[in-house]
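Novice: Before I ask anything, let me first share the structure, which is written out below as structure tokens.
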Amino acid sequence: MIFFHPLAVLGYRSVFPTIFLRPMWGETHKDLPRLPLCMEKIAILGGTFDPVHCGHLLMAETAVSQFGIDRVIWVPDRVPPHKSRPDLASFQQRRAMLALAIADRPDFQIAPPEANQSVSSFAIDTLLYLQQMYPGDRLHWIIGSDAFKTIPKWHRSAEIGRLCHWLVGPRPSQGDRQTEASRDIGATLTFEWGESPRDVPIDAGGRRMQVETNAVGIEVAAQMALLGVEIRWEVLSMRAIDLSSSHIRHLAAENRDLRYLIPELVRGYLAAHQLYQQPAAQS
């Protein structure tokens with residue numbers, strides 16, 4: 001049974017009306033059944049996940065803790081046949097590894113295969129499919145700053161830009177690849193931290209990466225504005241992690257220890273299925 005705050009009974013109004021829907025015995029809103037009028041925050045995290053690694057998991061967890069995301073939907077991409085190689089994992093294997101990686105998180109879920117059924121599907125198709133699955137919920141998209149920079153070139157970018165709120169994670173390469181346009185923006189605009197990328201010393205670490213990610217966001221927003229789209233985005237408060245699936249595949253091919261780079265269950269799966277191993281040389 002839910003007891004409402006006594007001030008609500010007296011007609012008290014607040015700018016935070018949800019406080020009156022909280023139970024009085026210590027539960028949180030996540031302990032309650034979902035109400036028809038309650039909007040959830042759904043975040044999408046897409047990628048090939050070949051394999052999924054701890055950097056992916058950290059991005060998802062940062063989004064959950066920073067923005068109160070209720071559910072993260074993981075969407076592994078299908079790789080077109082012409083891009084497949086014997087040393088890469090299949091779609092089914094990547095889904096299996098992803099299931100192992102998030103098995104202990106009920107708020108992390110894998111999208112059904114139908115979410116990205118066609119090998120030629122675009123991000124807009126995935127977004128529209130999930131919008132049908134979660135009608136009325138607020139959709140977010142977790143993305144690295146390097147991929148975020150390419151959004152203006154995506155298929156139906158103007159449409160997809162309007163449909164979700166972007167949560168952008170720092171990438172270690174963004175400072176080296178920063179365009180002249182973003183450098184100019186950094187020199188002329190004031191950031192949330194009151195700094196431009198060139199104002200922050202390199203050894204400031206995470207703070208500089210945050211500022212540089214903010215510069216990327218401003219640049220993308222300016223490009224999307226030319227398409228008539230006001231894009232919504234936020235920077236994930238995390239350090240950039242210099243970790244990639246391709247690097248993990250390279251280490252696996254050399255029989256290097258992948259401990260602490262990928263979840264332990266995924267590491268066991270790689271060993272059991274001998275994924276990413278170099279084929280034995282024929283004599």
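The values are calculated or read from the model by the stated rules, or taken from the named source; none is laboratory data. Since the model is a prediction, treat every value here as computed from it, not as a measurement. Glycine also receives a Cβ, built like all others from the backbone with ideal geometry; neighbour counts cover every protein chain displayed. What goes into the accessible areas is simple: the full protein's heavy atoms, side chains included, and nothing from ligands, DNA or RNA. Shrake-Rupley method; radii C 1.70, N 1.55, O 1.52, S 1.80 Å.
Novice: What's the FRET efficiency of residue 264 with residue 146 using the Cβ-Cβ distance as r and R₀ = 30 Å, to the nearest 0.05? Present the calculation step by step, with values, prior to reporting the outcome.
Specialist: Working: r = 28 Å, r/R0 = 0.93.
Computed FRET efficiency for residue 264 and residue 146: 0.60.
Novice: Continuing with this model, one more query. From the phi of every residue in segment 261-278, what ³J(HN,Hα) in whole Hz does the Karplus formula 6.51 cos²θ - 1.76 cosθ + 1.60 yield, where θ is phi - 60° and glycine or proline is x?
Specialist: 9, 10, x, 4, 5, 5, 4, x, 5, 4, 5, 5, 9, 6, 6, 6, 7, 5
Novice: Then there's this: Read phi for every residue in segment 209-223 and hand back ³J(HN,Hα) as whole Hz from Karplus 6.51 cos²θ - 1.76 cosθ + 1.60, θ = phi - 60°, with x for Gly and Pro.
Specialist: In residue order, the calculated couplings are 5, 5, 5, 5, 5, 4, 5, 4, x, 5, 5, 5, 4, 5, 5 Hz.
Novice: So how do 67, 122 rank on accessible area, 1.4 Å probe, biggest first, that is with the largest at the start? Let's see the in-between values first.
Specialist: On the way: 67 40, 122 100 Å².
Ranked list, largest accessible area first: 122, 67.
Novice: Let me ask something else about it. Ordering 164, 54 by accessible area with a probe of 1.4 Å, largest first, what comes out? Could you put the intermediate results ahead of the total?
Specialist: Working: 164 0, 54 45 Å².
Largest accessible area first, the list is 54, 164.
Novice: Could you please put 39, 59, 97 in sequence from largest to smallest accessible area, using a 1.4 Å probe? Walk me through the intermediate numbers first.
Specialist: Values: 39 115, 59 30, 97 0 Å².
Result, largest first: 39, 59, 97.
Novice: Here is a follow-up. On a full-extension model of 0.36 nm per residue, what is the gain between residue 250 and residue 226, subtracting their alpha-carbon distance, rounded to one decimal in nm? Kindly include the intermediate steps, with their values, before the conclusion.
Specialist: Working: separation 24, 0.36 × 24 = 8.64 nm, distance 4.05 nm.
Full extension from residue 250 to residue 226 adds 4.6 nm.
Novice: A further question on this structure: Do any chymotrypsin sites (Phe, Trp or Tyr not before Pro) in segment 216-283 lie in a loop, going by DSSP, with at most 15 other beta-carbon atoms within 10 Å of their beta carbon, and if so which?
Specialist: Details: sites: 233, 260, 269, 276; in loops: 260, 276.
Hits after loop and neighbour filter: 260.
Novice: Continuing with this model, one more query. Sticking with the crude label model, points 7 Å out along Cα→Cβ, report the distance from residue 131 to residue 61 in nm, one decimal please.
Specialist: Taking the simple label geometry, residue 131 and residue 61 are separated by 3.3 nm.
Novice: Taking amide H positions as placed 1.01 Å from N in the peptide plane, with prolines and chain starts having none, which residues 5 or more places from residue 47, or on another chain, fall under 5 Å of its amide H?
Specialist: 75, 77
Novice: Right, here's the next one. For residue 235, which sequence-distant residues (separation of 5 or more, or a different chain) have an amide H within less than 5 Å of its own amide H, given hydrogens modelled in the peptide plane?
Specialist: 168
Novice: Determine the gain in length on full extension of the stretch residue 39-residue 242; use 0.36 nm per residue of separation and subtract their C-alpha separation, reporting nm with one decimal.
Specialist: On the way: separation 203, 0.36 × 203 = 73.08 nm, distance 3.48 nm.
Separation in residues times 0.36 nm, less the Cα-Cα distance, equals 69.6 nm.
Novice: Pop out the ³J(HN,Hα) list for segment 229-234 in order, Karplus 6.51 cos²θ - 1.76 cosθ + 1.60 with θ = phi - 60°, rounded to Hz; leave Gly and Pro as x.
Specialist: Rounded to whole hertz, the list is 10, 9, 7, 9, 8, 9.
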